[in-house]
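Bear in mind these aren't lab numbers, they're just calculated from the coordinates by the rules spelled out. The structure displayed is predicted, hence computed values, not measured ones. Don't worry about glycine lacking a Cβ; one is built from the backbone with ideal geometry, like all the others, and counts go over all protein chains shown.
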Amino acid sequence: MSVTETDEDTATLRGTGVPAIECASLVRIYRTAKLEVQALQGLDLRVAEGEFTALVGASGSGKSTLLGILSGLDSPTAGSVKVAGRELAGLSRRERLAYRRETVGFIWQSPPRNLLPHLTSLENVALPQTYLGVSCKARRTRALDLLETMGVAYCRDRVLGQMSGGEQQRVAIAVALANKPAVLLADEPTGELDSDSAAQVLAALREAGAEHGVTTLIVTHDEGVSGQVQRTIAIRDGRTATETLRPGANGARPAGPGEDPDEHEAFEYAVVDRSGRLQLPPEFTEPLGIRDLVRLTHETGHVGVWPEPGKGAGGPENADGAATADGGSDGGAAGSATRSADDPAGSAQAADERVAGGDRGRPITESGDRS
Ligand SMILES: Nc1ncnc2c1ncn2[C@@H]1O[C@H](COP(=O)(O)OP(=O)(O)OP(=O)(O)O)[C@@H](O)[C@H]1O
Ligand SMILES: [Mg+2]
C-alpha cells in the first residue's frame, strides 16, 4: 500500500467543492414482525459535485439500501441526507416524485428493469421528458443526442428484446440522463454483463459524467470498475469504512492504448465519522491481533494505535506491532500532533478528530516504526 501523495491531488479527489451528496449519521432499520435489521448504522458520506465514485462492500453491507435512499425510493429511519442541496428526509410525496424525476437518474442491475419493453430506445429516452413538459421536437432531439453520446444511436428504433444486455444498459444510461439530473446512481450496472459489454457500459457512464457534468455513484462488485474510478468508498456493516483514492485515474476517460487502468497508484484511507469513530480494516487489525480495545498514543505527526498488552503484538513498549494513523512528517500535521501532546485535555478522540479535520485525506499507514 502506498503512503505518499500530494496535498493537491488529495484535495482535488476528496472534492473541496459543493457536495452533490451529503449523508450524516444515516440510519435505516428494516422492521418485520420477527426481526429488525440495521442496514445503515450512522453512515456519513460526502461526494463532491462532478465526482465519479464507486461504492463497494460485502453482500448485505447496505449499498442498495443507501442507493434506495439517495434515489428517493426509500426514506431513512434517522439522520440527514442531502442531494444537490436538498434535504430528502422531510420531502412530501409530491416533492419526492419531482425529486426522482428531475434530480436523480437511476440505473438498475437488470437491463430489462430499466426500459419499457414495448417502447423503442428513442421513445424510452423521450418519455421522462414529458413529465417536465418538454416539447415533442425537443424531446426527440435530446433523446437522439443522448443515444449518440452513449454509442447506441443505431438502436433508436429497436425495442428491448432486439438489443444485447450491454446495449440495453447504455440506452438505460441515456434514459437516466434524459431530464439532466444532478446525480446519476447505478446499482451494479455491469453485474449481468460479459466483460466487453461491461467495459462499454463503464465507458458510457464516464462519458455521461464528463459530458453532462453529472455526479456519478456506482455500486459495484466488479474490480474492473472500482479500479478505474478516482475514488472508491467501501461500506462495512452499514457505515462508510475506507476510501481508496487514485490520483492517476481520470474518471472522465477510459485507459488509453497500452495503459493499464489497474496500475493507477492507490491510497487507502479510513473514514473518521463526526463522532471521531474510525474503522480499522481487517488487513490492519488481524496481523496485529487488534480487537476489543486498543491503546492510543500521541506520536510526532501521527496517532499510534496499539494492541492491548498480551493480546497482540505488543504495546508502545514493543514498537514492532502498531497500526498508525500518520499525519505526515511535514507541515501542520506534525504541528497538531505536537500540540495534542501538550494539551492537557488531549484525549484519544481529540487526536482522532485532528486526523479527521486538519489532516483529512492523509494516508493511513501500517508501520512498525514509531517515528
Ligand atoms: N426490505 C427489506 N426488509 C428487511 N431487510 C432488508 C430489506 N432490504 C434489505 N434488507 C437487509 O438490509 C441489509 C442490507 O441490504 P442491502 O440490500 O442494502 O445490501 P447490499 O450491500 O446491497 O448487498 P448485495 O451486495 O448483496 O446487493 C441486509 O442485511 C439485508 O438483508
Ligand atoms: Mg445490493
Residue order, fewest to most beta carbons within 10 Å, for HIS221, HIS302, HIS212, HIS118 | HIS118, HIS221, HIS212, HIS302
Quickly work out the SER80-to-SER164 label distance, labels modelled 7 Å from Cα along the C-beta direction, and quote it in nm with one decimal.
-> 4.7
Starting at the first residue of the stretch 155-169, write each ³J(HN,Hα) from the Karplus equation 6.51 cos²θ - 1.76 cosθ + 1.60 with θ = phi - 60°, in whole Hz, x for Gly and Pro.
-> 9, 4, 9, 9, 9, 2, x, 9, 10, 6, x, x, 5, 4, 5
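Calculate, in nm to one decimal, what ALA138 and HIS118 gain on full extension: separation in residues at 0.36 nm each, minus their alpha carbon distance.
Numbers: separation 20, 0.36 × 20 = 7.20 nm, distance 2.20 nm.
Length difference between fully extended and current span is 5.0 nm.
Can you check what the net charge comes to around CYS136, using other residues whose Cβ is under 14 Å from the Cβ of CYS136 (Lys, Arg +1; Asp, Glu -1)? Working shown, then result.
Working: positive: LYS137, ARG139, ARG140, ARG142; negative: GLU123.
Counting the neighbours of CYS136, the net charge comes to +3.
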Based on the inverse mean of 1/r over its pairs of different Cα atoms, what is the Kirkwood hydrodynamic radius of the stretch 112-258, in Å?
-> 16.0
